Amino acid sequence: MSAPAVTVVVPIFNEELVLPELLVRLTAVFDANPAVRWGALLVDDGSRDRSVQLIRAHVVRDPRFAFIEFSRNFGFQAALAAGLAHASGEAIITMDADLQDPPECIPELVAAWQAGAAVVLAVRRSRVETGARRLGMDVFHSFFSRISDHPIESNTGTFGLMARAAVDALNAMPERNRFFPGLRAWVGFRTAEISYDRQERAAGQPQQTFLRLVRYAFDGVFSFSYLPLRLLTYTGLIVSGFGFVLGTFYVVRRLLGLEIAVTGFTTLVTLVLFLGGVQLIGIGVLGEYLARVYDEVKKRPAYLIKRKTGLG
Ligand code: UDP
Ligand code: MG
């Protein structure tokens, strides 16, 4: 079989409840657009349920589907990276398995690519996230677009298409801490947008815990901005400037022989706690960068593949 023109990459972690519907709907999209040579690459991120069996059975039946299995759970970003590294299409579509990104939008992505765009972003016209998740996402997006030189379109996630040239550029990046939307914005290329309605998860629970999302947001901030470090420097400058002025004031008062009242317990305690806090935050921020440097220096692979099926 010749290489597919469009490969759909889907990371999968414990998705046995949505997989049957995902496979049916993807296949329906492929069948309805026979002019395109389709391929799908499912990346199993160490699922502990029946996902692997379901996919294996499907891959045997339909040669358009290929399958990569990780040795354990490496996380969503690693699964995505593996998919991008192994997908052979001229254009590669990335989407979630849970059908929050409807497969029916795929032809629209492909049409935008055929019209000349190298990166096509699927922008959420409406969203279904609520509560802390939603608030966190909003805060992150507005913060990120302010601090990064390469702002990501707010209301976009993974869903989208990248042409071969853009994917090659992304694959060539050696970094392990990957924040996909940021990197996609960083590589540039001619970008187009389509819009879609974000759906409810078709079944099951979100596989990314809230904490994981927070870590993901940190990855985004720390790998695309030095602002946290700079803020610390500024805070340090302001606080020491203030300290200097205050110090001078008291020394001068003393030299002039004026009384210095020795109350001020509250002030002292507040200052000690406040400055202690600022210093701890400072060490934490430094640590975030250092840990990432350490990670990159160790050069451990971002994922380990146990088995590849249907990749030729
Ligand atoms: N996923 C993964 N590895 C993980 C967690 C999630 O590959 O460790 C996949 C999951 O199967 C889904 C996608 O990443 O296809 C998005 O996850 P989810 O829907 O749980 O997160 P959301 O972004 O919707 O909060
Ligand atoms: Mg989801």
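The values are calculated or read from the model by the stated rules, or taken from the named source; none is laboratory data. What you see is a predicted model, and the numbers here were worked out from it, not measured in a lab. So basically every Cβ, Gly included, is an ideal-geometry build from the backbone, and we count neighbours across all protein chains shown. Please note that ligands, DNA and RNA were not included when accessible areas were found on the heavy atoms of the full protein model with its side chains. Shrake-Rupley method; radii C 1.70, N 1.55, O 1.52, S 1.80 Å.
Counting only heavy atoms of protein chains, what accessible area per residue, in Å², does the chain have with a probe of 1.4 Å?
Using a 1.4 Å probe on heavy atoms only, each residue of the chain averages 54 Å².
Heavy-atom accessible area for Glu296, with the other protein chains in place and a 1.4 Å probe, reaches approximately 50 Å². Our compactness index for the stretch 52-108, the C-alpha radius of gyration over the empirical 2.2 N^0.38 Å, is 1.22.
Fully extending the segment from Ser88 to Arg125 would add 10.3 nm, taking 0.36 nm per residue of separation and subtracting the current Cα-Cα distance. What is the distance in Å between the Cα centres of the stretch 226-302 and the stretch 137-166? Each part reduced to its Cα centre gives a spacing of 33 Å.
Helices meeting the span-like rule in the chain (full DSSP H runs, Cα extent of at least 20 Å along the helix axis, mean Kyte-Doolittle score of 0.0 or higher): 131-147, 210-224, 227-255, 265-298. A simple spin-label model places the labels of Asn177 and Arg164 3.4 nm from each other, with each point 7 Å out along Cα-to-Cβ. Accessible surface comparison of Lys308, Lys299, probe 1.4 Å, protein chains only, largest first: the order is Lys299, Lys308. Largest accessible area first, the listed residues Val278, Val272 line up as Val272, Val278 when surface is computed with a 1.4 Å probe on the assembled protein chains. Accessible surface of Val245, taken over heavy atoms with a 1.4 Å probe and every protein chain present, rounds to 100 Å².
When DSSP beta bridges are limited to those with both residues in the stretch 2-156, what percentage is antiparallel, rounded to the nearest 5?
Beta bridges within the stretch 2-156, antiparallel portion: roughly 5 percent.
Taken about its Cα centre, the chain carries a charge dipole of roughly 700 debye when the Cβ of each Lys and Arg holds +1 and the Cβ of each Asp and Glu holds -1. Note on Arg61 and Tyr289: with the Förster distance fixed at 45 Å, the Cβ-Cβ geometry gives a FRET efficiency of about 0.40.
Ligands, DNA and RNA left out, the accessible area of the stretch 105-165 computed with a 1.4 Å probe is 55% carbon and sulfur. Say R0 is 30 Å: what FRET efficiency, to the nearest 0.05, do Arg254 and Phe274 get from their beta-carbon distance? The formula returns an efficiency of 0.75 here. Take every DSSP beta bridge whose two residues both sit in the chain; close to 35 percent of them are antiparallel. For Leu311 and Arg190, the difference between the fully extended length at 0.36 nm per residue and the C-alpha to C-alpha distance is 40.6 nm. Among Ile281, Ile68, Ile93, the largest mean-square fluctuation in a Gaussian network model of the chain (Cα springs under 10 Å) belongs to Ile281. Using a 1.4 Å probe on the protein chains only, how many percent of the accessible area of the stretch 205-300 belongs to carbon and sulfur? Heavy-atom surface of the stretch 205-300 belonging to carbon and sulfur, 1.4 Å probe: 74 percent.
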